[in-house]
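The values are calculated or read from the model by the stated rules, or taken from the named source; none is laboratory data. The model shown is predicted, which means the values in this text are computed figures rather than measured ones. Don't worry about glycine lacking a Cβ; one is built from the backbone with ideal geometry, like all the others, and counts go over all protein chains shown.
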Amino acid sequence: MSDPPQDHLPPPAFLADPAPAAVLAALPGARAVGGCVRDALAGRAVHDVDVAAPFPPEVIAQRLREAGLKVFETGLAHGTVTAVLRHQPVEVTALRRDVVTDGRHAEVAWTTDWREDAARRDFTFNAMSMDARGHLWDFFGGRADLAAGRVRFVGDAATRLAEDFLRALRFFRFWARYGQGAPDAEALAAITAAVPGLVARVAPERIWMELKRLLEAPDPVGALELMAGVGLLAAVLPEGAEPGRLARMIPHGLPGDPLLRLAVLLPLSADVSAIARRLRLSGEERERLTVLRRIEAAPRPGDAMRGYHFRAWRAQVRAASRHVMPVEPLWVAQAELGGEGWAELRNRLSPDEADPEFPVQGRDLLARGVPPGPAMGQILGRLRQAWIDSDCTLDQQALLAQAKNPGTADGTAAPEGIAPRDAPGS
């Protein structure tokens with residue numbers, strides 16, 4: 001006999017969406033589980049819907065196809081398929097119990113016992129489930145914990161962490177979004193002991209994924225400070241991390257972009273290349289992080305009155321990375337330098353203003369008899385620098401005229417432009 005539900009609530013709106021409704025109808029006894037139930041009870045938007053069902057994965061896939069849903073076997077070895085209806089995906093997983101765990105991965109067996117499946121989950125408010133009629137199953141007090149702002153492991157915290165050390169980072173990610181009051185002392189003690197296991201067992205890509213989700217929280221500072229207190233922040237960011245820098249910037253409206261927040265969090269002395277290699281950042285992420293922290297020549301409050309070349313700054317940033325808005329490095333500069341007037345300066349570099357376009361291309365030089373090859377690249381580079389030094393005011397005709405005069409095109413006679421600053425605080 002299955003456990004009776006602990007409560008009967010008005011069904012949340014997400015249960016009536018076409019895809020979740022079709023999945024639940026196709027799988028008798030299935031329930032929505034995890035984050036969608038948690039967020040609906042917290043009054044937050046539900047973005048992803050997960051469903052669990054008391055059938056083996058092959059049976060789940062067959063029944064969903066028979067009901068007319070598209071089915072993708074995205075994680076069949078772990079009991080998971082993805083059902084899609086009207087372009088809305090729903091992950092559906094067989095009820096499971098852990099057979100063997102190694103601190104990151106688990107061998108699982110299928111079960112029909114909902115309590116057994118819930119007991120293997122990480123936190124109490126992620127272990128709740130709800131059927132299509134709004135019946136709620138809450139075996140471990142997750143609803144009360146959610147209302148009180150408690151992030152609490154299911155059962156013994158040390159056991160849950162030994163099953164999957166990544167849960168140490170997940171604790172702080174959820175704390176940043178749901179935590180209130182004093183954090184669970186048992187959890188913090190278990191995480192402190194689990195830090196070496198996380199570093200040894202968890203892939204860098206997974207660490208970075210959790211850090212990104214944490215940094216996206218409206219205000220992750222409290223969670224980061226807790227991480228520092230248990231030694232986890234230094235373990236995942238050994239190059240140095242200063243939550244106080246974020247604390248100063250978030251009240252000013254620092255965007256929730258996780259890479260921008262990482263650029264602010266790290267001291268400028270941190271080695272970006274080392275961080276990118278260790279966390280295995282993508283090429284785009286590495287490029288963005290490098291450009292975001294390149295603040296030596298960035299504009300500063302008061303520069304507009306000293307004839308600062310704002311168009312040239314926009315062009316320089318965009319030439320270095322098409323994935324960085326010219327205003328973004330100013331957040332890093334403000335975190336480093338402090339002072340007033342940064343909001344007005346950011347408004348001056350509003351992203352609504354079009355970026356200046358370099359008016360010379362290789363075909364323009366080809367048309368004037370310059371052969372393709374390294375020499376053409378060098379000429380284009382010199383012309384681009386001359387254009388930047390003019391605050392992007394030289395037009396194509398003027399630049400091509402300089403191409404005929406190496407003494408000008410190499411920048412020796414270029415207009416006064418943006419000179420790198422001597423030091424970040426100068």
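Restricting region 57-87 to residues that are surrounded by 14 or more Cβ atoms within 10 Å (Cβ to Cβ) and touching a residue at least 60 places away in the same chain (Cβ under 8 Å) leaves a set whose member that is farthest from residue 111 (Cα to Cα) is 85. For region 1-48, a residue qualifies if it is of a type outside the set (Gly, Ala, Ser) and assigned to a strand (DSSP E or B), and the qualifying residues are 7, 8, 31, 33. Where strands (runs of 3 or more DSSP E) sit wholly within region 49-96, those with at least 1 residues that are within 18 Å of residue 25 (Cβ to Cβ), at pLDDT 95 or above and in contact with an Asp or Glu (Cβ under 7 Å, 6 or more places away or on another chain) occupy 49-53, 80-85, 88-94. With respect to residue 158, is the statement that it is in the same structural domain as residue 94 (by TED's automatic domain parsing), more than 24 Å from residue 279 (Cα to Cα) and of a type in the set (Gly, Ala, Ser) true? No, not satisfied. Sub-7 Å Cβ pairs linking a first residue in region 392-413 that is of a type in the set (Ser, Thr, Tyr) to a second residue that is at pLDDT below 85, at least 6 apart or interchain, are 408/402, ordered by first then second residue. Just to check your reading of the model, which residue among 211, 226, 232, 268 is modelled with pLDDT under 95, farther than 30 Å from residue 393 by Cα and not charged (D, E, K, R)? The conditions single out 268. Tally up the residues in region 24-50 that are within 21 Å of residue 113 (Cβ to Cβ) and either more than 22 Å from the chain's Cα centre (by Cα) or without any contact (Cβ under 8 Å) to a residue 24 or more places away in the chain (or both), please. Number satisfying all stated conditions: 9.
Filtering region 264-296 to residues that are in a loop (DSSP other than H, G, I, E, B), surrounded by fewer than 16 Cβ atoms within 10 Å (Cβ to Cβ) and of a type in the set (Gly, Ala, Ser) leaves 269, 282. For region 258-272, a residue qualifies if it is under 19 Å from the mean Cα position of the chain (by Cα) and free of Cβ contacts under 8 Å to residues at least 60 places away in the same chain, and the qualifying residues are 258, 259, 261, 262, 265, 266, 272.
Does any residue of region 335-346 turn out to be surrounded by 12 or more Cβ atoms within 10 Å (Cβ to Cβ), touching a residue at least 40 places away in the same chain (Cβ under 8 Å), in a helix (DSSP H, G or I) and basic (Lys, Arg)? Within region 335-346, not a single residue is surrounded by 12 or more Cβ atoms within 10 Å (Cβ to Cβ), touching a residue at least 40 places away in the same chain (Cβ under 8 Å), in a helix (DSSP H, G or I) and basic (Lys, Arg). Whenever a residue of region 116-135 is in a loop (DSSP other than H, G, I, E, B), its partners that are acidic (Asp, Glu), lying with C-beta atoms within less than 8 angstrom and at least six residues away or across chains, give the pairs 120/98; 120/163; 122/164; 127/138; 128/138. The C-beta contact set for region 243-256 (first residue under 18 Å from residue 227 (Cα atoms), second residue surrounded by fewer than 17 Cβ atoms within 10 Å (Cβ to Cβ), distance under 7 angstrom, 6+ apart or interchain) comprises 243/225; 243/228.
Of the candidates 165, 171, 139, the single residue that is in contact with a helix residue (DSSP H, G or I) (Cβ under 8 Å, 6 or more places away or on another chain) and under 29 Å from residue 10 (Cβ atoms) is 139. Do the conditions hold for residue 317, that is, is it in contact (Cβ under 8 Å) with a residue 60 or more places away in the chain and surrounded by 15 or more Cβ atoms within 10 Å (Cβ to Cβ)? Taking the combined requirement at face value, the residue does not satisfy it.
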